[in-house]
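Following: one structure in structure tokens, then a few remarks.
The values are calculated or read from the model by the stated rules, or taken from the named source; none is laboratory data. Everything numeric here is computed off the predicted structure, so don't read it as measured data. Using ideal geometry, Cβ is built from the backbone for each residue, glycine included, and neighbour counts are taken over all protein chains shown.
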Amino acid sequence: MFAIASMNGLVIGVIYALTALGVSLVVGIMNVVNFAHGEFYILAGYFSFLFANALGMPIIAAMGLAVALVFVFGLLVEYTLIRPTYGDDMYSLILTFILSIVLQNAYLFIFGPYPNKPPGWIKGATNIFDLFFYGNQRMAALVAGIAVIVVVFAMIKLTWFGRIIRAASQDRGMAELNGVNTTRLNMLSFGLGCALAAAAGVILAPVFPVTPTAGVPVALTAFVVVVLGGMGSMWGCIIGGLILGLVENLGAAYLSTGYKHVFGFVILIMVLAIRPSGLFGRKEA
Amino acid sequence: MTISLGESRLKSTPKILLCLAGLAVFALLPWTMGVYNQHVLIVCLFYTMMAASWNLLAGYTGQVSFGHAAFAGIGAYVSGILVVKAGLNPWGGVVIGTLCAAAFGFLVGLLCLRMGGIYLSLTTLGFSEILHIVINNEYEITRGTMGLQVPGLIENYSKIAYFYIFLAGALITLAVVYRLVHSNAGLNFRAVQNDERAASALGVDVVRTRLLAFTVSSALAGMAGALYGHYMLLITPHLPSLDQQFLVLSMTVIGGLGSFVGPVIGAFSLEILSEYIRAWGEYHVLVFGLVALFVARFAPKGIVGIYKAWRGKYRAATA
Amino acid sequence: MELIKGVGITKHFGGVKALSGVDFKVEQGTIVGLIGPNGAGKTTLFNIVAGAFPPTSGTVHFEGVDITGLPAYKICRRGVARTFQVTRPFGEMSCVENVAVGVVNHQPDASRAVWTQRAVECLRIVGLEGFESTEARHLNVVQKKKLEIARALATGPKLLMLDEVLGGLNSQEIQDAITFIRNLRDQLGLTILWIEHVMGAIMQATEKVIVLDQGRILMNGSPEEVVNDSRVIHAYLGD
């Protein structure tokens, strides 16, 4: 049981890390918490379901298209809703919260309350070290999640765009002085944050089907991960995501299934009480 | 020299008389209507309590709590459980429920308020989710989604009596908000909302100021929730849900964040509207959401803000 | 007697050393100028003294009491008031309310009548009579600077720290401002630490000048000594 729970924790932890990276990116650069993050995750799940099942596209193409569309949707949301709120953090919180409720209800209206599931990529299960059989789809999700994270890290560490992102999250004013177009940077990073949620969504949707409100616990966990890891810290997201995934699944296995999602909040409370700036957070703003 | 202090301070006797007259007419209103409309009025008053107390936090100190409905749930469930399981008098339940909401508010605030605004939003959202999970899991005590049946506040159930109870509750809430906002603490609230750093440089203890607003706001939500539970006679997890949170937030934003009458206007107009479009089923939430999104984006001060801008233009035109 | 004294104040931001080992003191009842080229660390020093953030190392003593790392509001309540270089008015509050925030945290039990009266008085001192009920966001830059000073005075300070209050003034207004600041010391008995770029004003108004350059004390002395010092000229004008 320990081995299976750990494996589940690892898979879901990687997805949490991926979702949290999106939140963290946007917090670091724009100081905006996107409370509709989970709904972007779900949107990508619905898109991939729609393209693959209804339009009969190959699953990889459906996934790619879903992520691209959510990215564009993210750009649009930034342009229409978030951009006018810069300098007023409160309104961005209110707007994204309302947006999340609107999207949940729109999904309910369009797709109904029933779970929808895009087709899996591969079938069957693999015997892991003679310990247990593990679904190939979950293994593939793990690999895909890690791959996306590696790509994101490479982009942040190696490319020109990544350098600007790092500079802006260190000191916005300084980046602006050095001629960075922060308006475009904001738009791109918000879109990218949404695309990361979308990537997590398309990867996990074949394992955990999407429902209109299924994004809420995912987003909440991502927020906990971001606080645990330290606002704006990328490594914090990875470590935090893995910790959350493992704690939830081991907790569910040994303590209580019903309280699975509460364990994350226990961690949140502990972090706030003991080290509120998080594992990798900077002490001072 | 006259100095106007605070936008909505009642200055003149005619204004106070007008308010009292309006209140008197409103207090007689339920005698002229059927049971269904009486119910709508009572629910309006419940949302007035919720929106006005949420506004105290968001509108006057700039802190967004997503746990306001959850604190109403704390008030309702604590009172309901104590009355059902321990045989407490329902009024005693309401008092203890309110105090519990205050205590939870204080603890949650203590935990996250020193870290700034975003943390309060995240933590209250998390708190709201935990509460939901606990209510659903502790079925033996809370009856889960079936709902907890609780006795009423008065022996003989009467809408009119409940109307006056809720009217009193709403007036208490509004009085607390008014007193607080127009006290010295109210100056600190608004200073913190406008600019935290400048406020602390002038001697404002920012964390304590936020904690005060958050605790009072949560206590008022607890009172509203406890009263609501003993009115509906059934407490379900729908009370502390994000849907309810969203409704309260939308009412405040649409009515006018940071204005005294805004939440009252928002609560009444949205609740009455939702009764009319109830036929659309669940989709009325979608409609409210789109309206709230539109208002928050294009008229961030809500109906009151639109009215003030219009009045300003009108005065400029006639002057 | 020295009112405020800093010893070995050092501040790092990430890898950047904003201040390294700064020692300074301000005698009771004096006006002290704090000058230096852009990026010398003047405002950082202000922020540390006022408690906006703690120093990486070093101590600050006010009236002989260690106040290092205390939060800003506690330092303010002990009698240190500051203005911000980029003004930070409470935009949606009237001028009286802006100033009243300072009053009520200095005298918590002041009634509305008391704090209104005191706030109006502070506004009069800085020459903002007539703007009592104007929302602060409607003021112009110079008026906002005056409002900052009025708010600072309302906290009942012993030490007033001014951060570039002469920006945007013409020469006659600068003369008036110098008289005004000297009056704050002579009539209200304040001690003043003053960051300023307008050297003429520093020359006229201060008894002592501290020169910061690249996060270190370059020198301190009388205004005459400072302007004639080759190191200071070098720091300002470069090679």
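Within region B:138-153, being of a type in the set (S, T, N, Q) and more than 16 Å from residue B:241 (Cα to Cα) holds for one residue alone: B:149. A single member of C:181, C:149 is part of a helix (DSSP H, G or I), β-branched (Val, Ile, Thr), within 14 Å of chain B (Cβ to nearest Cβ) and within 12 Å of the chain's Cα centre (by Cα), and it is C:149. Could you tell me whether any residue of region C:228-236 is in a helix (DSSP H, G or I) and in contact with a Pro (Cβ under 7 Å, 6 or more places away or on another chain)? So far as region C:228-236 goes, yes, one or more of its residues are in a helix (DSSP H, G or I) and in contact with a Pro (Cβ under 7 Å, 6 or more places away or on another chain).
Evaluate region C:72-85: report whether one residue or more is at positive phi and either at pLDDT 90 or above or in contact with a Cys (Cβ under 6 Å, 6 or more places away or on another chain) (or both). Yes, region C:72-85 contains at least one residue that is at positive phi and either at pLDDT 90 or above or in contact with a Cys (Cβ under 6 Å, 6 or more places away or on another chain) (or both).
The set of residues in region B:124-156 that are hydroxyl-bearing (Ser, Thr, Tyr) and free of Cβ contacts under 8 Å to residues at least 24 places away in the same chain contains only B:139.
Any chance you could count how many residues in region B:285-319 are within 11 Å of another protein chain (Cβ to nearest Cβ) and assigned to a helix (DSSP H, G or I)? The number of residues fulfilling the criteria is 14. Give all pairs with beta carbons closer than 6 Å in which a residue from region B:260-272 that is in contact (Cβ under 8 Å) with a residue 60 or more places away in the chain meets a residue that is buried (at least 21 other Cβ atoms within 10 Å of the Cβ) and in a loop (DSSP other than H, G, I, E, B); count only pairs at least 6 apart in sequence or on separate chains. Pairs found: B:262/B:256. When the residues of region B:29-41 are filtered to those that are among the hydrophobic types (A, V, I, L, M, F, W, C) and either free of Cβ contacts under 8 Å to residues at least 60 places away in the same chain or buried (at least 24 other Cβ atoms within 10 Å of the Cβ) (or both), the one that is farthest from residue B:266 (Cα to Cα) is B:33. Within region A:253-273, residues that are at the interface with another protein chain (Cβ under 7 Å from one of its Cβ atoms) reach partners that are outside any helix (DSSP H, G or I) and of a type outside the set (Asp, Glu) with beta carbons closer than 9 Å, at six or more positions or on different chains, in the pairs A:262/A:256. Within region A:71-106, the set of residues being surrounded by 24 or more Cβ atoms within 10 Å (Cβ to Cβ) and either more than 13 Å from chain B (Cβ to nearest Cβ) or more than 25 Å from residue B:65 (Cα to Cα) (or both) comprises just one member, A:74. For region C:98-143, a residue qualifies if it is in a helix (DSSP H, G or I), of a type in the set (S, T, N, Q) and over 20 Å from the mean Cα position of the chain (by Cα), and the qualifying residues are C:116, C:117. More than 26 Å from residue B:193 (Cβ to Cβ) and either of a type outside the set (A, V, I, L, M, F, W, C) or surrounded by fewer than 23 Cβ atoms within 10 Å (Cβ to Cβ) (or both): does that describe residue A:63? It is false that residue A:63 is more than 26 Å from residue B:193 (Cβ to Cβ) and either of a type outside the set (A, V, I, L, M, F, W, C) or surrounded by fewer than 23 Cβ atoms within 10 Å (Cβ to Cβ) (or both).
In the set (1) more than 22 Å from the chain's Cα centre (by Cα); (2) crowded, with 19+ Cβ neighbours inside 10 Å, the condition left unmet by residue B:156 is number (2). The set of residues from region B:194-224 being farther than 17 Å from residue B:52 by Cα and under 20 Å from the mean Cα position of the chain (by Cα) comprises B:209, B:211. Candidates B:175, B:226, B:191, B:213: the one that is over 14 Å from residue B:61 (Cβ atoms), of a type outside the set (Val, Ile, Thr), modelled with pLDDT of 90 or more and buried (at least 20 other Cβ atoms within 10 Å of the Cβ) is B:226.
Only a single criterion out of (1) within 30 Å of residue C:25 (Cα to Cα); (2) within 11 Å of another protein chain (Cβ to nearest Cβ); (3) touching a residue at least 40 places away in the same chain (Cβ under 8 Å); (4) of a type in the set (Phe, Trp, Tyr) is not satisfied by residue C:73, namely (3). Within region B:88-127, the set of residues being among the small types (Gly, Ala, Ser) and modelled with pLDDT of 85 or more comprises B:92, B:93, B:97, B:101, B:102, B:103, B:105, B:109, B:121, B:126. Before we move on, is residue A:279 touching a Gly at 6+ places or on another chain (Cβ under 6 Å), part of a helix (DSSP H, G or I) and touching a residue at least 24 places away in the same chain (Cβ under 8 Å)? No: the conditions fail for residue A:279. Within region C:152-178, the residues that satisfy the criterion of being part of a loop (DSSP other than H, G, I, E, B) and either buried (at least 22 other Cβ atoms within 10 Å of the Cβ) or at pLDDT below 85 (or both) are C:155, C:157, C:165, C:167, C:168, C:169, C:170. Scanning region B:188-214 for residues that are in contact with a Leu (Cβ under 9 Å, 6 or more places away or on another chain) and of a type in the set (Val, Ile, Thr), we see that the one that is nearest to residue C:74 (Cα to Cα) is B:204. Determine whether residue B:106 is more than 13 Å from the chain's Cα centre (by Cα) and not charged (D, E, K, R). So residue B:106 passes the test.
None of A:246, A:220 is more than 12 Å from chain B (Cβ to nearest Cβ) and either within 17 Å of the chain's Cα centre (by Cα) or not in a helix (DSSP H, G or I) (or both) except A:246.
Yes or no, residue by residue, for (1) buried (at least 24 other Cβ atoms within 10 Å of the Cβ); (2) not hydrophobic (A, V, I, L, M, F, W, C):
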site: A:147; (1), (2): no, no
site: A:163; (1), (2): no, yes
site: A:185; (1), (2): no, no
site: A:190; (1), (2): yes, no
site: A:196; (1), (2): yes, no
site: A:200; (1), (2): yes, no
site: A:204; (1), (2): yes, no
site: A:230; (1), (2): yes, yes
site: A:237; (1), (2): yes, no
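Looking for something at pLDDT below 75 and over 19 Å from residue A:196 (Cα atoms) - is there at least one such residue anywhere in region A:136-150?
yes
Applying the set (1) farther than 14 Å from residue A:22 by Cα; (2) part of a helix (DSSP H, G or I); (3) modelled with pLDDT of 85 or more; (4) out of contact with any Asp or Glu (no Cβ under 8 Å at 6 or more places or on another chain) to residue A:195 leaves exactly one unmet item: (1). The set of residues in region B:101-123 that are of a type in the set (Gly, Ala, Ser) and part of a helix (DSSP H, G or I) comprises B:101, B:102, B:103, B:105, B:109, B:117, B:121.
Can you name every residue in region C:96-107 that is more than 10 Å from residue C:151 (Cβ to Cβ) and more than 7 Å from every other protein chain (Cβ to nearest Cβ)?
C:107 - this is the single residue of region C:96-107 that is more than 10 Å from residue C:151 (Cβ to Cβ) and more than 7 Å from every other protein chain (Cβ to nearest Cβ).
Only residues that are surrounded by fewer than 21 Cβ atoms within 10 Å (Cβ to Cβ) and out of contact with any Phe, Trp or Tyr (no Cβ under 9 Å at 6 or more places or on another chain) were counted across region A:32-57, and they come to 4.
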